[in-house]
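Asker: Sharing a structure here in structure tokens format.
Read the figures in this text as sums done on the coordinates, not as results from a lab. Since the model is a prediction, treat every value here as computed from it, not as a measurement. Cβ coordinates were reconstructed from backbone atoms using ideal geometry, including for glycine residues, and neighbour counts include every protein chain displayed.
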Amino acid sequence: MSTKSFALSAELAEYILKVSLRENPILNQLRIETSKHPLARMQIAPEQGQLMALLVKLMQASKILEIGVFTGYSSLCMALALPPDGNIVACDKSEEFTDIAKRYWKEAGVENKIELKIAPALQTLDEFIKAGKTEFFDMAFIDADKSNYLAYYEKCLQLVRKGGLIMVDNVLWRGDILNSETQDKNSQYIQAFNQKLAEDQNIDLVVLPIADGLTLALKK
Ligand code: CA
């Protein structure tokens, strides 16, 4: 599950939440509703959402690209941190999951900040590149099918501005990335992805052990 910081002891993880989590009540309701979903593990951890919201402010971002929406917790965290004229392009294939997201975005009054694109994300990103939107976005968050992580990343690297930030979720895959004989396809994709970024001189790079691992790549 990526809804908790697995690399910490349960006690430390609990303590960090106790002394730092300031979750908006609507985010909290969304997290509770999503926790009952069979795919609840796809939701990001609340402290990660809070970090991402802080990064939105730190970056003074106004244009964000999100690849993988699920029930919209991460989009909502970022939208609440954006200025009133800020905008997130949120890419997902699922109407079912994003219908939940839309309800909460509306309730939080940020639905006008989030433009949902229901289509394969690679297609949406290619359309942006074709339309000349390279270096357009301040930030991107990648949290979708792991088989396409590298392709998403390479396109996002074109679409974010110089000094723009790309965040990538699940880069520790519950620690299975340490297993060189893993048969888990997702694990293999993430291993290859992490290795590729380790060698990429186009970015400044940090891998944080928060939740299920979050990579921060700042475009040089
Ligand atoms: Ca995730």
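Asker: With θ set to phi - 60° and the Karplus curve 6.51 cos²θ - 1.76 cosθ + 1.60, what are the ³J(HN,Hα) couplings of the stretch 137-150 in order, to the nearest whole Hz, using x for Gly and Pro?
Answerer: 8, 8, 8, 9, 10, 9, 7, 10, 4, 5, 4, 9, 3, 5
Asker: If amide hydrogens are placed 1.01 Å from N in the peptide plane, which non-local residues have theirs closer than 5 Å to the one on residue 44?
Answerer: 74
Asker: Please compute, over every Cα-Cα pair in the stretch 10-219, the percentage with a separation greater than 31 angstrom. Please list the in-between numbers first.
Answerer: Working: 3089 of 21945 pairs.
Result for the distance tail: 14 percent.
Asker: Tell me, what HN-Hα J-couplings in whole Hz come from the Karplus equation 6.51 cos²θ - 1.76 cosθ + 1.60 at θ = phi - 60° for each residue of the stretch 156-170, using x for Gly and Pro?
Answerer: Listing the rounded values in order: 4, 4, 6, 8, 8, 6, 4, x, x, 10, 10, 10, 10, 8, 6 Hz.
Asker: For a quick check of your reading of the filter: which GluC sites (Glu not before Pro) in the stretch 114-199 sit in a DSSP loop and have no more than 15 other Cβ atoms within 10 Å?
Answerer: Those satisfying the criteria are 135, 181, 199.
Asker: Hey, got a sec? Which trypsin sites (Lys or Arg not before Pro) in the stretch 1-42 land in a DSSP loop and have at most 14 other Cβ atoms within 10 Å?
Answerer: 22, 36
Asker: Turning to a different aspect of this structure: Taking amide H atoms as placed 1.01 Å from N in the peptide plane, list the residues 5 or more away in sequence, or in a different chain, whose amide H sits under 5 Å from that of residue 164.
Answerer: The list, which skips near neighbours in sequence, is 219.
Asker: In the stretch 78-220, how many lysine pairs have Cα atoms under 18 Å apart, counting only pairs 8 or more places apart or on different chains?
Answerer: Lysine pairs meeting the criterion: 26.
Asker: Enumerate the amide H contacts of residue 135 below 5 Å, restricted to partners 5 or more residues apart or on another chain; note that Pro and chain-start residues carry no placed amide H.
Answerer: It is 159, 160, by chain and number.
Asker: Given the rule -39500 (n - 2.57) for each run of at least 4 DSSP H residues, summed and divided by the residues of the chain, what is its mean residue ellipticity at 222 nm, to the nearest 500 deg cm²/dmol?
Answerer: It lands at -13000 deg cm²/dmol.
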